[in-house]
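The values are calculated or read from the model by the stated rules, or taken from the named source; none is laboratory data. Please read all numbers here as calculations on a predicted model, not as lab measurements. Ideal geometry is used to build each Cβ from the backbone, glycine not excepted, and the neighbour counts take in all protein chains shown. Side chains are part of the model used for accessible areas, which takes the heavy atoms of the whole protein and leaves out ligands, DNA and RNA. Shrake-Rupley method; radii C 1.70, N 1.55, O 1.52, S 1.80 Å.
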Amino acid sequence: MTTTEPGTLLTPAPDRADWRNHRMGRFLEGIESTRGVSFVDYEDAWAWSVEHLEEFWQEVWDEFEVISHSPHTAVLTDRTMPGAQWFPGATLNYAEHVFRSLRARSGDIMVTSRSQTNGLVEWTGARLLEEVARIQAGLVARGVRRGDRVGAYLPNIPETLAAYLATTALGAIWCAVPPEMGPQSVLDRLTQLDPAILLAIDGYTYGKRDLSRADDLARIRRFLPEAETVLLPYLDPEATAPEGAETWAEFTGRTGSAADTTAHDAGPAAAQGTEPAGVGQLPEIHVEPVPFDHPLTVLFSSGTTGRPKAIVHCHGGILLEHLKAHGLHFGMSDADNAFWFTTTGWMVWTMGMSSLLLGASVVLMDGDPNYPSADGEWSQWAAMAETGATYMGTGAAYLGACAHAGLTPGKTWDLSRLREIQCSGSPLAADVAGWVLEEVNPDLLLAPTSGGTDICAAFVGASPLSPVWAGEMSCRPLGVAVAAWDPEGQTLHGEAGELVCTEPMPSMPAFFWGDENNERYEESYFGAYPGAWRHGDWLVETERGSWVITGRSDATLNRGGVRLGTAEFYAVLDALPSVQDTMVLHFEDSSGMGKLVLLVDAGEDFAAGEAAQDAARREALEKTIRTTLRSELSPRHVPDHVVFVPSIPRNPTGKRLEIPLKRIIQGAVRGEVMDVGVVARPEQVDDTVARVKEALGR
């Protein structure tokens with residue numbers, strides 16, 4: 001992999017005269033014409049958008065022809081946070097805007113599912129609308145109404161998408177937890193909501209393993225006695241519903257063979273959207289107009305530092321923010337086929353399904369992308385090549401793993417249609433950014449992005465009108481007033497400060513479910529700076545006007561009064577070919593320097609080997625690591641201890657769980673500070689803790 005220095009210009013901004021080649025450019029030129037303003041560059045346009053929030057969001061509303069069943073009396077009645085009220089008086093429905101796109105493309109393949117459980121499934125717009133109608137009829141028949149919660153223990157497959165749209169069209173509230181979560185993690189989330197119905201699968205295939213969820217589902221149902229359960233046969237097409245539950249076939253009003261009633265519906269009827277034999281007239285899809293701030297979906301925080309927060313997102317906020325993001329920043333249209341690698345519980349799933357708002361089709365994937373190998377038939381690259389994807393949403397950690405494994409996706413697969421890669425979950429190292437353009441496609445737009453489940457959107461990211469620099473994020477999105485602040489609330493340039501958002505966004509949470517008097521909500525975001533959202537990331541604005549996340553502000557190291565961001569460690573360490581993964585922990589002491597511990601995953605065999613040659617290899621790698629950190633960063637970055645571990649604890653989005661692991665090492669009870677149900681390879685956490693404790697002499 002070629003070395004790329006941070007800040008290297010990878011893609012220049014288009015000339016101002018070429019803005020008209022992008023929808024964002026045409027949108028901004030329209031504002032110039034109607035509002036009597038002039039934008040020299042993207043930053044000019046961004047500044048106008050946050051200074052004139054009301055005018056900007058009205059322009060977005062008009063650009064994308066938002067369907068409203070009653071007019072709004074204002075765009076924003078009060079900018080005070082928390083409590084900003086958007087578009088009072090308007091009644092709308094998120095799902096109705098997806099239906100508009102599906103009806104316009106009823107005969108086109110709109111959903112392609114690539115699953116290790118049931119293979120390739122393709123649904124047209126008409127087929128997806130049919131499933132929405134059937135599911136919604138099932139919900140209504142069982143008493144589900146506006147405001148009720150529907151829980152989904154479902155993977156990333158077409159039926160899940162259909163159930164999401166059917167639920168939210170009714171004004172009921174959607175909540176999904178992926179089936180890879182353990183039962184306690186599921187219950188920590190769903191018991192907060194008291195769902196009226198639980199939609200679930202029997203199991204799934206991950207790589208070469210068939211994983212039944214029958215026992216887990218039984219335990220979940222015991223603690224949700226009021227919820228009716230519907231079973232979708234997925235792992236076993238002939239699976240029967242457990243006692244007291246019903247099958248998907250019964251729920252959706254179908255008759256006929258099992259092939260017509262399971263998640264293995266991939267035949268001609270599925271492709272053309274025709275009805276199985278023996279089924280009468282399909283019911284009409286009901287769309288319930290709801291206020292702008294009516295709950296759409298509940299997303300949960302990771303649960304890595306306590307009970308997961310039940311973050312409620314509203315119809316209008318997600319609709320407007322995602323129309324802006326997909327339509328302007330991503331340039332999404334009906335010419336796109338968007339691949340998003342995500343589980344159903346991640347905010348990226350909600351973001352990805354919004355590709356349909358702009359008429360794009362979507363590619364869903366369920367399974368292990370490293371099976372049977374990183375460059376195997378189930379890799380994300382293979383999935384995109386097979387489906388002709390034009391847009392990729394993935395994790396920065398996945399791109400890093402592919403780069404360090406020496407993959408050459410652009411040579412191995414036909415990715416000629418791929419025009420943009422958006423990555424999130426963790427910072428994208430400069431070397432990996434260079435690798436993407438060198439080994440995937442030099443002409444694509446690389447869009448490292450940082451946002452959060454909290455806003456289901458981005459705080460910093462990319463635009464088609466901005467340059468791309470290696471290891472950095474290009475811009476602040478339109479309408480998003482982000483800055484880096486010092487503890488006194490002063491704006492910083494060139495040094496790390498707290499990421500704050502100083503003006504309201506439509507997609508900020510409506511509230512936390514069960515949060516009396518909004519106390520937890522206000523403490524989470526507005527406790528540090530009254531009236532300004534503090535997100536908990538360290539943010540740096542570079543001299544180029546680009547942005548770098550240097551780590552979580554609560555994970556920042558203080559060595560003798562000097563703050564060190566964890567991201568700068570990872571940017572250097574991720575480039576070392578012998579290192580698979582790393583984590584930096586700092587344990588404070590009275591000296592002010594503390595103990596800096598570096599966890600290194602160089603492969604399970606490497607960490608466990610006891611032979612003399614294994615010890616020599618570890619010693620040599622440790623020396624390389626120390627020398628590299630000293631020369632590339634500073635002597636303060638050299639760790640006191642290097643500990644080789646079998647794995648680095650990460651959540652499903654790829655985020656390193658630094659704070660929860662540190663608290664466990666310091667003596668906290670694991671289940672209270674780390675939800676192992678969201679940890680990749682949770683069985684190795686105890687081993688990792690023991691090795692660090694041994695190094696620290698605890």
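Data for the structure
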item: Segment 68-173 pair-distance distribution - Cα-Cα, 10 Å bins, rounded %; result: 13, 34, 30, 17, 5, 0
item: Average accessible surface area per residue within the chain, 1.4 Å rolling probe, Å²; result: 37
item: Lys/Arg +1, Asp/Glu -1 at C-beta; the chain dipole; positive extreme among Asn93, Cys475, Gly125; result: Cys475
item: For Gly603, residues with placed amide H under 5 Å, excluding near neighbours; result: Gln580
item: Helix-only mean residue ellipticity at 222 nm for the chain, each DSSP H run of n ≥ 4 adding -39500 (n - 2.57), per residue, nearest 500; result: -9000 deg cm²/dmol
item: Along principal axes, Cα extents of segment 444-506, largest first, whole Å; result: 40, 29, 19
item: Cut-off 20 Å, label 7 Å out along Cα→Cβ of Gln666, residues of segment 565-579 by amide N; result: 565-567
item: DSSP loop GluC sites (Glu not before Pro) with at most 13 other Cβ within 10 Å excluded, longest remaining stretch of the chain; result: 66-225
item: Cβ-Cβ FRET estimate between Glu284 and Ala335, R0 fixed at 25 Å, reported to 0.05; result: 0.25
item: Segment 368-478: mean projected area of Cα convex hull, nm²; result: 6.8
item: Size of segment 383-446 as Cα extents on the principal axes (Å, biggest first); result: 27, 21, 20
item: Rg/Rg_ref, segment 196-252, where Rg_ref = 2.2 N^0.38 Å and atoms are Cα; result: 1.11
item: Zone residues, segment 501-521, relative to Thr77, backbone N less than 17 Å from point 7 Å out along Cα-to-Cβ; result: 504-506, 510-511
item: Where chymotrypsin sites (Phe, Trp or Tyr not before Pro) fall in DSSP loop in segment 457-566, at most 11 other Cβ within 10 Å; result: none
item: Loop chymotrypsin sites (Phe, Trp or Tyr not before Pro), segment 1-89 (other Cβ atoms within 10 Å of the site Cβ: 12 or fewer; DSSP); result: none
item: Whole-Hz couplings from phi, Karplus 6.51/-1.76/1.60, listed for segment 427-439; x for Gly and Pro; result: x, 9, 5, 4, 4, 5, 4, x, 4, 4, 6, 7, 10
item: Residues with amide H under 5 Å from that of Tyr206, placed H, sequence gap 5 or more; result: Leu211
item: Using a Förster distance of 30 Å, the FRET efficiency for His493-Ala17 (Cβ separation, nearest 0.05); result: 0.50
item: Whole-Hz ³J(HN,Hα) from phi, Karplus 6.51 cos²θ - 1.76 cosθ + 1.60, for segment 355-372, glycine and proline x; result: 4, 5, 4, 9, x, 6, 8, 10, 10, 9, 10, 10, x, 8, x, 9, 9, x
item: Antiparallel DSSP beta bridges within the chain, percent to nearest 5; result: 55
item: Cα-based Rg of segment 309-425 normalised by 2.2 N^0.38 Å, two decimals; result: 1.09
item: For segment 480-559, radius of gyration divided by Kirkwood radius, i.e. Rg to Rh on alpha-carbons; result: 1.01
item: Contour excess over end-to-end distance, with Cα ends at Glu632 and Glu523 and 0.36 nm allotted per residue; result: 35.4 nm
item: In order through segment 517-524: 3J(HN,Hα) via Karplus (6.51 cos²θ - 1.76 cosθ + 1.60), integer Hz, x for Gly, Pro; result: 6, 6, 5, 5, 4, 5, 5, 5
item: Rg over Rh [alpha-carbon atoms, Kirkwood Rh] for the chain; result: 0.95
item: Residue pairs, from the table Lys595/Lys693; Lys595/Lys662; Lys595/Lys655, whose Cα atoms sit over 18 Å apart; result: Lys595/Lys655
item: Computed over the chain: relative contact order in percent, which uses C-alpha pairs under 8 Å that are six or more apart; result: 13
item: Segment 523-543 and segment 137-195: distance between their alpha carbon centers, rounded to Å; result: 32
item: Share of carbon and sulfur in the accessible heavy-atom surface of the chain [1.4 Å probe, %]; result: 47
item: R0 of 45 Å, Cβ-Cβ distance Arg307-Glu543: FRET efficiency to nearest 0.05; result: 0.60
item: Convex hull of segment 65-111 built on C-alpha atoms - directionally averaged projected area, nm²; result: 4.6
item: Mean Cα-pair separation over length for segment 355-441, i.e. relative contact order, pairs under 8 Å, 6 or more apart, %; result: 27
